[in-house]
């Protein structure tokens with residue numbers, strides 16, 4: 001039918017026909033699926049290599065314009081392309097959706113028809129049909145009645161009509177690929193849902209302080225309901241275990257989750273690889289710092305002086321503060337610490353080291369007695385919420401099961417009785433050698449069975 005002679009009703013069918021004839025085969029094309037999968041893998045690697053959800057200053061410092069990394073990768077390129085939040089960019093989500101559409105198209109155009117065809121059965125009534133099979137044989141003085149129990153013992157399901165027989169097994173192997181596709185679609189849906197509704201935050205909290213999650217670095221457009229507003233977290237204590245050589249062995253945070261009334265609803269001591277989970281939010285132990293030093297000057301009350309991290313040019317981590325030793329602030333000392341072991345270095349105004357003091361000890365500086373009570377640590381927490389994780393885990397669980405199902409061979413056997421001769425043939429979609437050995441064993445058993453006439457004699 002030409003376009004000029006098309007009726008109004010046929011014009012309405014054109015979009016559907018174009019989709020079925022052009023777009024659907026393109027979406028179901030294996031080559032397109034491979035290209036999309038490679039693109040998703042490539043951009044996922046970039047999201048792993050390039051730090052995600054950092055501040056503008058971080059990218060300007062680590063990806064300067066001169067010299068540009070690889071000659072082109074600068075902070076401007078990263079921000080313009082969305083490489084600072086790869087998994088939430090429109091183009092990455094579009095790749096996931098397109099890949100999922102390709103899987104769905106392949107499932108409905110190939111996998112379901114293949115399963116439907118495998119569920120049907122037909123009988124062979126012509127010898128030339130057996131000649132087309134990869135494996136066929138003829139057995140003299142054998143019957144279908146003798147073949148049936150052998151097939152049943154091998155797990156075949158039998159269909160018989162007169163002198164014709166059809167047997168099959170391993171239909172689950174045809175269902176496996178469909179579940180593989182379904183599980184991959186679940187993983188994609190979980191990833192998209194997590195990207196749209198999850199968030200990532202970082203907090204540095206001193207021991208003894210209570211905080212609510214506020215320092216959010218990265219969040220999806222629908223993440224607001226996931227950010228807790230009716231509960232908070234108290235850092236009961238933070239401490240570090242050191243090895244005999246003085247290196248950090250592990251650092252710990254004793255955390256309490258408090259409800260809106262300030263009552264403790266959950267408590268746990270976390271460390272690296274052992275987080276605290278509450279209402280879909282996970283708190284990981286990620287970093288540490290020195291928040292303050294508690295000191296006493298002569299007989300004064302104990303004062304808590306904040307400490308800040310010093311710029312050492314990459315030579316190590318140091319924290320320091322300045323402590324006045326006179327009321328008019330005309331004199332003072334600098335206090336430096338590098339860990340929470342309790343050792344504090346005391347420097348005068350000229351930068352000369354005048355004393356080394358441990359927690360609980362005192363020293364004389366500028367005519368006063370300075371006592372170091374303790375160093376107060378801060379725990380660095382990474383806080384994440386990803387509502388898509390249960391969906392992703394479900395998809396991966398189904399994927400492992402369905403992959404095992406896909407390895408099951410779908411085997412078919414046909415048989416035709418003509419006089420005293422039995423014609424047998426079969427085929428399988430995988431494990432051809434094992435299938436041939438199985439059929440040959442049945443044929444050997446069939447040939448070795450006594451002929452009915454011989455048994456009567």
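The values are calculated or read from the model by the stated rules, or taken from the named source; none is laboratory data. Everything quoted here is computed from the prediction, not taken from an experiment. Don't worry about glycine lacking a Cβ; one is built from the backbone with ideal geometry, like all the others, and counts go over all protein chains shown.
Which one is nearest to residue 352 (Cα to Cα) among residues in the range 297-316 that are surrounded by 12 or more Cβ atoms within 10 Å (Cβ to Cβ) and touching a residue at least 24 places away in the same chain (Cβ under 8 Å)?
310
Here are 179, 216: which of them is touching a residue at least 40 places away in the same chain (Cβ under 8 Å), surrounded by 15 or more Cβ atoms within 10 Å (Cβ to Cβ) and outside the structural domain of residue 306 (by TED's automatic domain parsing)? Steps first, please.
Details: 216 fails: touching a residue at least 40 places away in the same chain (Cβ under 8 Å).
After ruling out the rest, the residue left standing is 179.
When you go through (1) surrounded by fewer than 15 Cβ atoms within 10 Å (Cβ to Cβ); (2) more than 30 Å from residue 238 (Cα to Cα) one by one for residue 360, which number turns out not to apply?
Of (1) surrounded by fewer than 15 Cβ atoms within 10 Å (Cβ to Cβ); (2) more than 30 Å from residue 238 (Cα to Cα), only one is false for residue 360: (2).
Taking the residues in the range 419-447 that are out of contact with any strand residue (DSSP E or B) (no Cβ under 9 Å at 6 or more places or on another chain) and more than 16 Å from residue 170 (Cβ to Cβ) as candidates, determine which candidate is surrounded by the most Cβ atoms within 10 Å (Cβ to Cβ).
My answer is 445.
Listed here are the residues, each with its yes/no results for (1) touching a strand residue (DSSP E or B) at 6+ places or on another chain (Cβ under 6 Å); (2) part of a helix (DSSP H, G or I); (3) modelled with pLDDT of 90 or more.
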{"site": "350", "(1), (2), (3)": "no, no, no"}
{"site": "355", "(1), (2), (3)": "yes, no, yes"}
{"site": "372", "(1), (2), (3)": "yes, no, yes"}
{"site": "379", "(1), (2), (3)": "yes, no, yes"}
{"site": "382", "(1), (2), (3)": "yes, no, yes"}
{"site": "391", "(1), (2), (3)": "no, yes, yes"}
{"site": "396", "(1), (2), (3)": "no, yes, yes"}
{"site": "399", "(1), (2), (3)": "no, yes, yes"}
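Just to be sure before I move on: is residue 266 surrounded by fewer than 17 Cβ atoms within 10 Å (Cβ to Cβ) and at pLDDT 95 or above in the structure I sent?
yes
Report yes if residue 353 is without any contact (Cβ under 8 Å) to a residue 60 or more places away in the chain, farther than 20 Å from residue 235 by Cβ, within 49 Å of the chain's Cα centre (by Cα) and surrounded by 11 or more Cβ atoms within 10 Å (Cβ to Cβ), otherwise no. Even if it seems obvious, please write down each step before you answer.
Numbers: without any contact (Cβ under 8 Å) to a residue 60 or more places away in the chain: yes; farther than 20 Å from residue 235 by Cβ: yes; within 49 Å of the chain's Cα centre (by Cα): no; surrounded by 11 or more Cβ atoms within 10 Å (Cβ to Cβ): yes.
No; evaluated as a whole, the condition is false for this residue.
Tally up the residues in the range 231-254 that are under 29 Å from the mean Cα position of the chain (by Cα) and under 30 Å from residue 85 (Cβ atoms), please.
Going through the range 231-254 one residue at a time, the tally reaches 5.
Could you tell me which numbered condition residue 222 fails, if it satisfies all but one of (1) surrounded by 15 or more Cβ atoms within 10 Å (Cβ to Cβ); (2) under 25 Å from the mean Cα position of the chain (by Cα)?
Of (1) surrounded by 15 or more Cβ atoms within 10 Å (Cβ to Cβ); (2) under 25 Å from the mean Cα position of the chain (by Cα), only one is false for residue 222: (1).
Among (1) within 25 Å of residue 381 (Cα to Cα); (2) touching a residue at least 40 places away in the same chain (Cβ under 8 Å); (3) touching a strand residue (DSSP E or B) at 6+ places or on another chain (Cβ under 9 Å), there is one condition residue 195 misses while meeting the rest; what is its number?
So residue 195 meets the others, but not (3).
So which of 211, 251, 200 ends up being out of contact with any helix residue (DSSP H, G or I) (no Cβ under 9 Å at 6 or more places or on another chain), under 25 Å from residue 378 (Cβ atoms), without any contact (Cβ under 8 Å) to a residue 60 or more places away in the chain and surrounded by 15 or more Cβ atoms within 10 Å (Cβ to Cβ)?
Working: 251 fails: without any contact (Cβ under 8 Å) to a residue 60 or more places away in the chain; 200 fails: without any contact (Cβ under 8 Å) to a residue 60 or more places away in the chain.
Exactly one residue qualifies, and that residue is 211.
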